[in-house]
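Below: the structure, in structure tokens.
The values are calculated or read from the model by the stated rules, or taken from the named source; none is laboratory data. These numbers were taken from a predicted model, which means no experiment stands behind them. Cβ placement follows ideal geometry from the backbone for every residue including glycine, while neighbour counts extend to all protein chains displayed.
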Amino acid sequence: MTVLVLTRRHMDATADMVVAELSARGVPVVRLDPGDFPESSGLTARIDPGRTGWAGVWRGQHRDLPFEDVTSVYYRRPTGNRLRPGLSAEDARWAQGEARAGLGGVLTSLPCTWVNHPHRNAVADCVPVALAEAARSGLTVPPTLITNDPAEARDFVSALPRGRAAYKPLGNSAPGSHQGQQHVLWTTPVTADHITADVAVTAHLFQAWIDKAYEVRLTAVDDRLFAGEIHAGSEASRTDFRRDYDALTYAPCAHVPETVRRGVSTLMNTFGLRYAAMDFLVDHRGSWHAVDLNPNGQYGFIPHLREPISQAIADVLQGVTPSCPPPHRPTLRRPAGAWSTPSPPKAR
């Protein structure tokens, strides 16, 4: 039995907590970054008559990993494949695609437990798909508009209570960069007057502004739910809690409504997820509004949930939890390039 942890070499505190928990239990763990392939790691895999899958080895810098030894995989945040310097742009694009299809394809074909399989992560991480499935699952999703029509956007925002909406990015990237660092697009309050003709440049998401009492980060590991209240202590953190972590306070969430429990369970089963982090805005009447699903979200920033969630993930990887999600719904298709997805901003 070997648990394979796929993540970047450094700076992944979430993976570190799970590795530490598994190691404390005496479970063999191998942590590797697919980004090391092909520049500093090697791959040999074969399908022969009489076998039902790939056999072979992934040769790392410090040890070799036979694919037959892998019983479960914790897929966190691997980096993109690093290639030999000096390749032309055209050759680099070809080599990148071949490396991703080669190593990525062999790994994702392994018949073992995944938390989560990257193909399922990629579908669940698509915001329009996640919001639609959340609504179908019985969760309350705020009125939301996706458009590149400035007039439609103004009409939508004007018709909302108090004429206020939240603009949110649909993806994990932002235009432009500074000193090699990608910008982050935060949740931004907007009124109709803020909407200009620039909306026509691409798709934009506008969502009804919820006057929240607090937020809840609800983390699901199979059928186990871990809920923590997030209370904002500054104007920046009230708009987007990621903007000011120092102003946040946390508290155990004493009660998760049954409708939310059922909805989250349905949503997990729909996407075939073993793990997910969801964000809810709780208004002053106590109603829960689902605003984000992150199938690969962090949880360590809420202190009292670090240990129990690490233990729950380790349970699944070790195979000590009996529940198993139903097969993936065939209507949800894997987007192109789903193996190597960009890392989201901190603490989605």
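Quick look at the values:
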| item | result |
| --- | --- |
| Filtered residue count, segment 126-150, keeping only those that are in a helix (DSSP H, G or I) and surrounded by 13 or more Cβ atoms within 10 Å (Cβ to Cβ) | 10 |
| Strands (runs of 3 or more DSSP E) lying entirely in segment 188-238 (those with 3 or more residues that are within 17 Å of residue 253 (Cα to Cα) and either modelled with pLDDT of 95 or more or in contact with a Phe, Trp or Tyr (Cβ under 6 Å, 6 or more places away or on another chain) (or both)) | 212-221, 224-231 |
| Filter result for the condition that a residue is charged (D, E, K, R) and in contact with a helix residue (DSSP H, G or I) (Cβ under 7 Å, 6 or more places away or on another chain), over 133, 98, 152, 90 | 133 |
| Condition broken by residue 322, with the remaining ones in (1) assigned to a loop (DSSP other than H, G, I, E, B); (2) at pLDDT 95 or above satisfied | (2) |
